Amino acid sequence: MKKLAVLGATGSIGDSTLAVAKLHPELFDVKLLSAASNANKMANLCLTHNVNFAYMFEPQANAELAKLLAQASTQVLVTEAEYLACIASDEVDTVMAAIVGAAGLMPTLAAVEAGKTVLLANKEALVMSGALFMQSAERSGAQILPVDSEHNAIFQCLPPECQRQLGYCSLQQHGISHLILTGSGGPFLTKPLAEFNNITPELAVKHPNWSMGPKISVDSATMMNKGLEYIEAKRLFNTEKSEIQVLIHPQSVIHSMVQYCDGSVLAQLGQPDMRTPIAHVMQYPERIRSGVQGLDFNQISQLTFVEPDFARYPCLKLAIDACYSGQAATTVLNAANEVAVQRFLDGDIAFTDIAELVTQSLDGRNCETSQLDIEGILALDKESRRHALSWTSSTKAWSI
Ligand code: NAD
Ligand code: MG
């Protein structure tokens, strides 16, 4: 039986993970749940899944959770140190990393450093720490399994040896020509560019195919999500620039592909439902039911493909460029984007300001530092956030 921790348990990926776990009570023992602030939802989850340990990032919510669970068998961990120690302890062997954003870095790294099986949804953790994250996994023997649907699709289409050597396998030596990362293009694929100034948060979070948390939904609308996934793919699959291509596929039926040197293309197809990749990694290499219906090809009238247009999706270009400018650039890009997306969701800046803010955050920075250590990454993340908060929409400039 797997001893499962779900970090980010109250979110969209958390929900899907616990739904799959519930289908297989003989396979998964839910040991630890964490989340940011929704104590009521967390208390219900702890009772439903008979959870041993729980922790909420916001102290007030954690205290509330302790009250709600006073009569229950769940132990509410008091400090962050206890929480990180629990992730690394023998109580847990498999960790679903599903916290949104940079907040997920330290708990995810705790799981990696302790050699756990890490089911990685939290792409921002990998984007901001890059080589350090993968080297840590290599050192500890942690198995990283990609949850992001595109990376999971590519993983499924790779030869077993590449699956085992994630992060350092040579694609070329395994007859792979390149990876094709597909993306739907989000809700604004055909919207006239002249109307982009009127995009509201409500419109931006309405993804045509997937149901997801607010941050990744906005990232999908700007295609920063595909940019972060580009960086994620480079780290996970050790790609050269010529070995990765982004392709818009509006129907989200093909979740990504691997092109081989003999002309073969392997693709993974399925419903746009995260329970499929989640079930795949939860019991890898065995297959288990996910609760998702198979595809009905009679209902699929067409599969279409378009090259991405960087004028429509400047964030995609920013991320691809950052990917080749060194670790510091991807750390700054991620931090500036997280702040920009939150400010857009709060009604503080316009949709088109997201790319502008990220561009200005990267401009004039020397990102060609040699590899950053964890303290360097956290300091750069913090400084970039502070800077991004001081950007003013009306003047398109820094206020300090
Ligand atoms: P969400 O907003 O629905 O959920 C985020 C979760 O993180 C919540 O449980 C929240 O409480 C928790 N959280 C936030 N800050 C925290 C903190 N400091 N400590 C502990 N928990 C904290 O987001 P989501 O859509 O589930 O996405 C989660 C991650 O998975 C993101 O990195 C996203 O990019 C990635 N992902 C999501 C999808 C999807 O379909 N939703 C697909 C691929 C990848
Ligand atoms: Mg994805």
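Any read-out appearing in this document is the output of simple, stated calculations on the displayed coordinates, not a laboratory observation. Given the structure is predicted, the values throughout are model-derived calculations rather than measurements. All Cβ positions, glycine included, derive from the backbone under ideal geometry; neighbour counts span all protein chains shown.
Averaging 1/r over each pair of different alpha-carbon atoms in the chain and inverting the result gives 21.6 Å, the Kirkwood hydrodynamic radius.
Residue ranges 220-233, 284-297 sort as 220-233, 284-297 when ordered by packing (mean number of other C-beta atoms within 10 Å per residue, highest first). Reducing region 335-377 and region 248-294 to their Cα centroids gives an inter-centroid distance of 31 Å.
Shape class for region 2-147, computed from the alpha carbon gyration tensor (a ≥ b ≥ c): prolate, with a/c not under 1.5 and a/b above b/c.
Of Cys261, Cys169, the sequence from fewest to most neighbouring Cβ atoms within 10 angstrom is Cys261, Cys169.
Per-residue ellipticity at 222 nm from helix content only, as computed over the chain with -39500 (n - 2.57) for each DSSP H run of at least four residues, stands at -13000 deg cm²/dmol.
Across the chain, the mean sequence separation of Cα contacts (distance under 8 Å, 6 or more residues apart), normalised by length, yields a relative contact order of 14 percent. Note on region 312-390: Cα-only Rg and Dmax are 12.1, 37 Å.
Across all Cα pairs in region 47-86, the calculated P(r) in 5 Å bins from zero up to the longest distance comes to 6, 26, 33, 23, 11, 0 percent per bin.
Backbone amide hydrogens, once placed in the peptide plane, bring Gln75 within less than 5 Å of Phe53, Ala54, excluding anything fewer than 5 places away on its chain. If R0 is 60 Å, the Cβ-Cβ spacing of Glu240 and Gln71 corresponds to a FRET efficiency of close to 0.60.
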